[in-house]
Each structure stands twice: as C-alpha cells, then as structure tokens.
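Here is the structure we will look at.
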Amino acid sequence: MTETTDFLVIGGGVIGCAVAYELSKARATAILVERGEIGQEASSAAAGMLSPLLESDGDDGFARLCLQARSLFPDYLEELRERTGVPIEWHHDGCLYIPMSEEEAFHIRQQNQNAGPSTRMLSRQEVLELEPHVTWFPEPALYSPDPAHLDNAGYTRALAQAANLGGVELRTHQEIDRLLVRGDTVYGARTSRS
C-alpha cells in the first residue's frame, strides 16, 4: 500500500518528537514512525541535563546558542503543558561540579575560563557550606547557576502527544526497512508494514 505525506519523521525520541511537534504547529502533513515505543530508547535513558556552558569547549557561538535555547525552555514547557494538560517536571537548580582528581580540578579551572560570568570556582569551605556531606576533593570545585534538568521521558511523551493533537500521525512498532532514493533525493521509505 502506498501512502503520501509531506514529511516523514523517522524516530520517536526527543528530537523526532520535537520535529513532529514543530511540524504540527506549522500545520504540515506528517507521519512519525518509531520502531518501538515513543521515547523508550536513548531519550528515556538520558539524565535530562540542560547544561549549555559547562558542556561546551568555550564561549563560542554554539555555547551562546545553547544558553539562549535553555533560557527559552520554561516557556516552551508551559506551551506544551497548555496544549496537552501534562506538566513536565523541570528543575533549574544549577550544578556543583566537584573534581575527583587533580586532573579533573585542572579541567575545572579551564572550564571556568570559558563558562561565562555566572559560573564561579569554589573553595573547599564554600563547597562544604553548600553540601556538608562532601568529603575530601582537590580544589577548586565549580558552581554554575545555569544548568537545569527535566524529566526527559515525560518531555518526549508530551512532545509526541502535542504533535499528535496537532495532526501528526504517530506509528509505533513500525520500522523503516529502507529509504527510497533517486539521485541525491529521498522520495520515500519502505516500512515493515508496507
């Protein structure tokens, strides 16, 4: 059986579901195909950290883009909650990075140079004031108020639900067997149910 759609999204992880949701907001005709259940692979195994500066190698354009994107996240989550009725667990608590070796302490010093003005190095005493159960560690530790984390499995499911409510068809337990290519253009896909 042959079907047509304007967009075929392959994979029901966080990225595929976010793409499908944005396509639904643009009122595009789309089908999302997932070989298992929505959000059950890497998207449910990840920690859900949004740590734009501490994961970057420097204060470059990509780091600034990540910071800006993270700043938009609370409004995006509220938009999803309004569309689906599903609240997504979100914590913007910052992060304390404690080195476990002299090598990690050296890396923290380097990160601090690149991480922006809100990030700061902490002495052992400052760390103990924040977290009294920490035992010995080589100084310095690093604190950043920027990182946040969320329930990424719930986030992925909410994205899929919002996409579906917006008209995207979700097909689970269906694999793409092969892409149909003509020259340098993908014009279709064969699925396990084709």
Which of THR84, THR135, THR172 moves most in a GNM of the chain, Cα contacts under 10 Å? THR135
Net charge, HIS92 excluded, C-beta distance under 10 Å - Lys, Arg +1, Asp, Glu -1: -1
For region 1-55, what does the alpha-carbon gyration tensor say about shape, rounded, prolate or oblate, given a ≥ b ≥ c as the root eigenvalues, a/c under 1.5 as rounded, and a/b over b/c as prolate? oblate
Whole-percent pair-distance distribution, where bins are 10 Å wide, for the alpha carbons of region 17-111: 12, 30, 35, 16, 6, 0
Percent antiparallel among DSSP beta bridges confined to the chain, rounded to 5, stands at 70
Determine the per residue accessible area of the chain with all protein chains present and a 1.4 angstrom probe, expressed in square angstrom. 60
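Starting from the coordinates of the alpha-carbon atoms of region 80-194, obtain the Kirkwood hydrodynamic radius over all distinct pairs and give the value in Å to one decimal.
18.7
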Surrounding charge for GLU131, neighbours by C-beta under 15 angstrom, Lys/Arg +1, Asp/Glu -1, total -3
Protein accessible area in the chain, 1.4 Å probe - carbon and sulfur %: 51
Give me the net charge for the shell around ALA30: Cβ to Cβ below 9 angstrom, other residues only, Lys and Arg +1, Asp and Glu -1. -2
Short to long, in 10 Å steps from zero, the percent of alpha-carbon pairs of the chain per bin is 9, 27, 26, 20, 13, 5, 1
Per DSSP H run of n ≥ 4, the term is -39500 (n - 2.57); total these for the chain, divide by its residue number, and report the mean residue ellipticity at 222 nm rounded to 500 deg cm²/dmol. -12000 deg cm²/dmol
Along principal axes, largest first, the alpha-carbon spread of region 133-178 in whole Å comes out as 53, 27, 19
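The values are calculated or read from the model by the stated rules, or taken from the named source; none is laboratory data. Fair warning: this is a prediction, and the values are worked out from it, not measured in the lab. Glycine gets a Cβ as well: all are built from the backbone with ideal geometry, and neighbour counts include every protein chain shown. In case anyone asks, the SASA skips ligands and DNA or RNA and just uses the protein heavy atoms, side chains included. Shrake-Rupley method; radii C 1.70, N 1.55, O 1.52, S 1.80 Å.
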